[in-house]
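Novice: Have a look at the structure that comes next, please.
The values are calculated or read from the model by the stated rules, or taken from the named source; none is laboratory data. Note that this is a predicted model, so its numbers are computed, not measured. Backbone-built Cβ (ideal geometry, glycine too); neighbour counts: all protein chains shown.
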């Protein structure tokens with residue numbers, strides 16, 4: 001190992017605060033596109049995603065989306081964000 005590998009990270013990461021749920025991008029990256037909404041629900045509906053209002057089950061979010069078919073991952077994520085909003089995600093209290 002070189003001396004560079006033994007050095008501390010260049011960026012201080014700070015304490016980790018737990019956040020419930022998975023990022024939307026992580027859930028959508030597990031799928032291949034295009035995909036029907038019902039198939040997204042079958043495969044990932046039980047996943048909990050992070051939202052500005054706290055964690056939500058993807059299945060409940062999908063119920064609020066009128067679209068039945070997602071051509072691309074970006075289209076899916078846009079529809080989900082239209083329902084859950086964007087902004088800071090609350091952290092869990094310890």
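Novice: Take residue 20 and decide whether it is outside any loop (DSSP other than H, G, I, E, B), at pLDDT below 95 and either on the phi < 0 side of the Ramachandran plot or in contact with a strand residue (DSSP E or B) (Cβ under 7 Å, 6 or more places away or on another chain) (or both). Explain how you work it out, then say what you get.
Specialist: On the way: outside any loop (DSSP other than H, G, I, E, B): no; at pLDDT below 95: yes; either on the phi < 0 side of the Ramachandran plot or in contact with a strand residue (DSSP E or B) (Cβ under 7 Å, 6 or more places away or on another chain) (or both): yes.
In short, no.
Novice: So if I check each of 67, 36, 46, which one is exposed (fewer than 13 other Cβ atoms within 10 Å of the Cβ), farther than 19 Å from residue 20 by Cβ and at pLDDT 95 or above?
Specialist: The unique qualifying residue is 36.
Novice: Also: Collect the residues in region 70-94 that are part of a loop (DSSP other than H, G, I, E, B) and surrounded by 15 or more Cβ atoms within 10 Å (Cβ to Cβ), keeping them in residue-number order.
Specialist: Result: 89, 90.
Residues checked against (1) modelled with pLDDT of 95 or more; (2) farther than 17 Å from residue 21 by Cα:
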residue	(1), (2)
59	yes, no
72	yes, yes
77	yes, no
93	no, no
